[in-house]
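Everything on this sheet refers to the single structure shown next.
The values are calculated or read from the model by the stated rules, or taken from the named source; none is laboratory data. Fair warning: this is a prediction, and the values are worked out from it, not measured in the lab. Virtual Cβ from ideal backbone geometry, glycine too; neighbours counted across all protein chains shown. Just the protein is used for accessible areas: all its heavy atoms, side chains included, with ligands, DNA and RNA removed. Shrake-Rupley method; radii C 1.70, N 1.55, O 1.52, S 1.80 Å.
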Amino acid sequence: MAQTTLEKIHIPASIDELPKHPNIGFEKFVEAVGSGRLSPGTTLTQAQLCDFLDVSLSPLRESLVLLEEYGLIEIKQRSGITIINPELSFVRENYQFRILIEIEALRAFVANVPDGWLAAVRDRHKSVMAAIDKGKRDMEAIEAFVALDQFVHSSLVKALGNKSILSTHNRLQQNIRMVRAMQGTTAYENNLLEAGREHLELFERIEVGDLEGASRCLRRHFESSIYRAVVFP
C-alpha cells in the first residue's frame with residue numbers, strides 16, 4: 001500500500017516530541033511554569049527547587065544563570081529564588097530574534113520546499129484546528145497544534161542548513177511556548193486558531209513561489225503573535 005503524504009513526513013503530535021533544551025534544569029523549569037505547577041510569585045530555596053525539578057545542585061546552578069539572564073527568576077541572598085512573570089521585553093526580544101532568523105530562512109525554504117510538505121502540513125492544520133474549534137478545552141488538540149506550530153517554523157529554519165542557528169531558534173520557540181502556556185485564558189484557543197489561519201495564508205504564498213508575499217505573511221504572523229501575547233497575558 002502506498003504511503004500517504006502524512007506518513008512520508010513526520011509531524012510531531014505532541015510537545016513531548018519537540019526538541020529539548022540542552023540544560024535539563026531549564027527544560028524542567030519551563031515545563032513546570034508552562035503547566036502551572038510552578039507559579040509566578042513563588043519563592044523557593046535552591047534545595048526546594050532541586051527537589052521540585054528533580055535535578056541535582058550543580059545543573060540547577062547552571063540553569064539559574066540562564067533563568068536569571070532571561071529575567072524569569074530573581075535571586076535574593078537569604079530570601080531565595082522568586083519566579084517572575086515574563087515581561088513584555090522578554091516576549092518582544094524572543095519574537096524579534098525569530099523574525100530575523102525566519103525571514104532569512106524563508107528565502108531558502110521557498111526555493112526548495114520538500115516534496116509533500118505543504119500537503120502534509122495543510123492536512124494536519126485542518127484536522128487539528130477542527131478539533132480545537134469544538135469549543136471545549138481539548139488539551140490533546142491544543143498540544144498537537146503547539147507541536148505543529150513549532151514544526152512549521154523549525155522547518156523554515158532547517159532550510160538554512162545551520163545547526164547552531166536551529167538550536168538557538170528551538171530555544172526561542174521554547175521560551176515563547178512557556179509564555180503562551182502561562183496565559184491560560186479563555187482566548188487561548190482562539191489565538192491558536194488565528195495562528196493556524198495565518199499559517200495557511202503563508203502556505204498559499206509558498207506554494208506559488210511568491211517569496212515577497214510569503215515574507216509579508218510571515219511578518220504579519222509575527223506581529224499578530226506579539227499582539228496576542230501582550231493583549232491576552
Just the residues that are at pLDDT below 90 and part of a loop (DSSP other than H, G, I, E, B), please, taken from region 164-216. G184, T185, T186, A187
Long-range neighbours under 7 Å by Cβ, at least six apart or interchain, first residue more than 24 Å from D115 (Cβ to Cβ) within region 206-232, second not in a helix (DSSP H, G or I): F232/T185; F232/A187
Please work out if R92 is loosely packed, with under 14 Cβ neighbours inside 10 Å, under 19 Å from the mean Cα position of the chain (by Cα), in a helix (DSSP H, G or I) and not aromatic (F, W, Y). yes
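Hey, among the residues in region 80-89 that are outside any helix (DSSP H, G or I) and open to solvent by less than 70 Å² (accessible area, probe 1.4 Å), which one's nearest to S224 (Cα to Cα)? Reasoning before the result, please.
As a first pass, look at region 80-89 and keep what is outside any helix (DSSP H, G or I): 80-87.
Filter once more, keeping what is open to solvent by less than 70 Å² (accessible area, probe 1.4 Å): 80-84, 86.
Numbers: G80: 37, I81: 33, T82: 31, I83: 27, I84: 24, P86: 18 Å.
It comes out as P86.
Quick one: would you say L118 is buried (at least 20 other Cβ atoms within 10 Å of the Cβ) and in contact (Cβ under 8 Å) with a residue 24 or more places away in the chain? Give the derivation first.
Details: buried (at least 20 other Cβ atoms within 10 Å of the Cβ): no; in contact (Cβ under 8 Å) with a residue 24 or more places away in the chain: yes.
It is false that L118 is buried (at least 20 other Cβ atoms within 10 Å of the Cβ) and in contact (Cβ under 8 Å) with a residue 24 or more places away in the chain.
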Test each condition in (1) crowded, with 16+ Cβ neighbours inside 10 Å; (2) hydrophobic (A, V, I, L, M, F, W, C); (3) within 21 Å of A32 (Cβ to Cβ) for F151 and report the one that comes out false. (3)
Where in region 6-79 are the helices (runs of 4 or more DSSP H), entirely inside, with at least 1 residues that are in contact (Cβ under 8 Å) with a residue 60 or more places away in the chain and surrounded by 15 or more Cβ atoms within 10 Å (Cβ to Cβ)? 24-35
Would you say E140 is assigned to a helix (DSSP H, G or I), modelled with pLDDT of 95 or more, open to solvent by 50 Å² or more (accessible area, probe 1.4 Å) and over 30 Å from E69 (Cα atoms)? no
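Here is a yes/no grid of residues against (1) closer than 23 Å to T168 by Cα; (2) modelled with pLDDT of 85 or more:
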{"position": "T42", "(1), (2)": "no, yes"}
{"position": "L49", "(1), (2)": "no, yes"}
{"position": "V65", "(1), (2)": "yes, yes"}
{"position": "Y70", "(1), (2)": "yes, no"}
{"position": "I73", "(1), (2)": "yes, yes"}
{"position": "S79", "(1), (2)": "no, no"}
{"position": "E87", "(1), (2)": "yes, no"}
{"position": "F97", "(1), (2)": "yes, yes"}
For the structure I just gave you, tell me whether L53 is at pLDDT 90 or above, touching a Leu at 6+ places or on another chain (Cβ under 8 Å) and more than 14 Å from N85 (Cβ to Cβ). yes
